[in-house]
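Chemist: The structure follows.
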Amino acid sequence: MKEVRKSFPGSGIPAKELIAELQEIKFMDASWEDGRMFGYVFHPGEETAGVAARAYQLFGSENALNSSLFKSIKRFENDIVAIVAGLLHGGPDAAGTFTSGGTESIFLAVKTARDKARAEHPEIKTPAMVVPGSIHPAFLKAAHYLDVFTVTTPVRKDKRADPEAIRKAVNSDTILIAASAPCYPHGVVDPIDEIAPVALEKNILFHVDACMGGMFLPFAALLEYPIPPFDFNVPGVTSISADLHKYGYAPKGASVILYHNRALRRHQFFVSTDWSGGLYGSTSFQGSRSGGPVAAAWATLMNLGSEGYLRMTRNVMETSRKIQSGINSIEGLRVISNPDMGLVSFTSDTLDIFEVGDALSDRNWFLDRIQFPDALHVTIADQHKDKADEFISALKQAVGIVKGKKFENVSNRFLVSFVKGLSQLLPETWFRKFSHLVSGLLGSSDAGKHTMGAAVYGITSGIENRGNVRELMLDVLDKMY
Ligand SMILES: *Cc1c(COP(=O)(O)O)cnc(C)c1O
């Protein structure tokens, strides 16, 4: 393959040549089109993806920052928010905002809670939120940026949030409770209707993270799958995040944050009245903002209609059940808990599950690795509808390979126990130096071959001192960019 252009050309590259180069660069990416990658891409099929791409192109240069000039974008946003609010049983006073993704939606929910507390409870000096351990890191990231303290509560055996633990963790500093529908790691919906009474009783805001489920669970419920209550129908739920770029099947850069009333949403907005550049008002995090993702999300909703979503939801539910029973039928593997939709994780009590993941990667099946316990994770979307049998047979093969090659992994095993041992002996600052070495190993596993994968995951999940894992991760990020 031609080397990726590194320098800034003096005279510009002609369009035709450049497009050829772009296509060539795209070969660096792992392929998802064949349905062997899980998570990251949610594909609605060629027709819808095509019309969304066209919409993206048509409105990509419009700037959503000024909706008096670009009335089209305002219309798209209002339509989208109204549709999602309707699906999630928002009442007549429900209100929301289109955002760039789940992280921004969650960021805004935390910011709104913090600013409402600042306005109404100035006695709170250290605002805190209470979340289950399975909550998405976007909450911790928001808390980190916004200087909100996070109290993490343990989940129950079935991996769902524990309402009693949450009740006990709430105190006079608590400004927000959050839970998931469903959580990413194990795909289970938290007992929203048991947590909501805690929020109501203590008069605290309650956010439901339906980034995954917001555009899925309403349709699954219509199809009469057993879906626990999770939306504004549950009294006490005050905000919900729902991603359009996940099970909404829109191109990336599309999510919605919803509030049960407009008064709450006001705390989200930002205005500056004293700038020499004029009056400046902004509803969300971004300033100048492309109309592309908004128009593309709108076009996706319009092209699919509720029938399209019902069809894809059924496909995902059926594929998820097939894959779950396939996994459970393989000796040595088991699905964790009882997933409510298309997010499924599985582990093993007898095999190194990350070795299984590596054997799958070698065959171009890409699954996420998760921890506590070590497990593999699939996010099943519509593009996997005909892939269940193929996936299960690849998984059987991978398990066979791992069972058969115990001895070859001695070096990996050695490395894992070596690093675990070191991390217990070395003080934090020494480990920092050492971590440069280990993250070098991470960087050396090139896209196609993941031979070091299991070793590295084994290392990180085995290290007792999480501060050391943190140092390692920071090194990896620093090396990548
Ligand atoms: C993906 C996800 C998020 C974060 O959304 P981004 O779009 O990646 O920013 C939050 N919560 C859950 C449960 C998710 O799966």
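Chemist: Counting other C-beta atoms within 10 Å, and keeping those with at most 10, which DSSP coil chymotrypsin sites (Phe, Trp or Tyr not before Pro) do you find in segment 180-219?
Modeler: Here no chymotrypsin sites (Phe, Trp or Tyr not before Pro) fit, given the DSSP loop and packing criteria.
Chemist: While we're on this one: With a point put 7 Å past each Cα toward its Cβ, work out how far Arg363 is from Lys141 in nm, to one decimal.
Modeler: Result for the modelled spin labels: 3.3 nm.
Chemist: A further question follows. If packing is taken as the mean number of other Cβ atoms within 10 Å per residue, what is the order of 89-98, 356-365, 242-251, highest first?
Modeler: The densest-packed peptide leads the list: 242-251, 356-365, 89-98.
Chemist: Something else about it: Which one, Gly96, Asn66, Gly308, projects farthest toward the positive side of the charge dipole computed for the chain from Cβ point charges (K/R +1, D/E -1)?
Modeler: The listed residue farthest towards the positive side: Asn66.
Chemist: Could you calculate the FRET efficiency of Asp79 with Asp386 from 1/(1 + (r/R0)^6), where r is the beta carbon distance between them and R0 is 41 Å, rounded to 0.05?
Modeler: So, using R0 = 41 Å, E works out to roughly 0.80.
Chemist: Working from the pairwise distances between different alpha carbons, so that the mean of 1/r is found and then inverted, what is segment 197-349's Kirkwood radius in Å?
Modeler: Computed over segment 197-349, the radius equals 18.4 Å.
Chemist: Still on this structure, I have one more. What is the Cα coordinate range of segment 241-320 on the first, second and third principal axes, sorted by size from largest, in whole angstrom?
Modeler: Principal-axis extents of segment 241-320 (Cα, largest first): 57, 27, 19 Å.
Chemist: Is it possible to state the helix-based mean residue ellipticity at 222 nm for the chain, with each DSSP H run of 4+ residues giving -39500 (n - 2.57), the sum divided by total residues, to the nearest 500 deg cm²/dmol? What is it?
Modeler: -15000 deg cm²/dmol
Chemist: Using the scaling law 2.2 N^0.38 Å as the reference, what is the normalised Cα Rg of the chain?
Modeler: 1.02
Chemist: Across every pair of different alpha-carbon atoms, what Kirkwood hydrodynamic radius in Å does segment 91-187 reach?
Modeler: One over the average 1/r among Cα pairs gives 14.2 Å for segment 91-187.
Chemist: Based on DSSP, what percent of beta bridges with both residues in the chain are antiparallel, to the nearest 5?
Modeler: Working: 25 of 42 bridges.
Once the DSSP bridges in the chain are tallied, antiparallel ones form about 60 percent.
Chemist: Taking 0.36 nm per residue of sequence separation and subtracting the Cα-Cα distance, how much length would be gained by fully extending the chain between Ser288 and Arg466, in nm to one decimal?
Modeler: Details: separation 178, 0.36 × 178 = 64.08 nm, distance 3.81 nm.
So the chain would gain 60.3 nm between Ser288 and Arg466.
Chemist: Calculate the tail of P(r) for segment 53-106: the fraction of all Cα-Cα distances greater than 12 Å, expressed in %.
Modeler: Value for segment 53-106 (Cα pairs over 12 Å): 71 percent.
Chemist: Kindly state, to the nearest 0.05, the FRET efficiency for Lys168 paired with Gln23, given R0 = 51 Å and r defined as their beta-carbon distance.
Modeler: So, using R0 = 51 Å, E works out to roughly 0.35.
Chemist: Quick one: check the C-alpha center-to-center distance for segment 331-356 versus segment 15-39, whole angstrom.
Modeler: Comparing the Cα centres of segment 331-356 and segment 15-39, I get a distance of 30 Å.
Chemist: Per the Debye formula with a single identical scatterer at each Cα and no solvent contribution, what log10 I(q)/I(0) holds for segment 291-389 at q = 0.13, 0.16, 0.24 Å⁻¹?
Modeler: With one equal scatterer per Cα and no solvent, log10 I(q)/I(0) is -0.55, -0.75, -1.25.
Chemist: By what distance, in whole Å, do the Cα atoms of segment 1-126 stretch along each of the three principal axes, largest value first?
Modeler: 61, 40, 38
Chemist: For Asn63 and Ile401, what does the FRET efficiency come to when R0 = 60 Å and r is the distance between their Cβ atoms, rounded to the nearest 0.05? Please list the in-between numbers first.
Modeler: Numbers: r = 53 Å, r/R0 = 0.88.
With R0 = 60 Å, the Cβ-Cβ based efficiency is 0.70.
Chemist: If you don't mind, there's one more thing I want to ask. Find me the longest stretch of the chain that has none of the exposed GluC sites (Glu not before Pro), where exposed means in a DSSP loop (not H, G, I, E or B) with at most 16 other Cβ atoms within 10 Å. Write down the numbers at each step before the final one.
Modeler: Details: sites that count: Glu3, Glu33, Glu123, Glu224, Glu331, Glu464.
In short, 332-463.
Rule-based calculations on the coordinates, nothing more; no lab input. All of these numbers come straight from a predicted model, not from anything done at the bench. Positions of Cβ are generated from backbone atoms using ideal geometry, with glycine treated the same way; all protein chains shown enter the neighbour counts.
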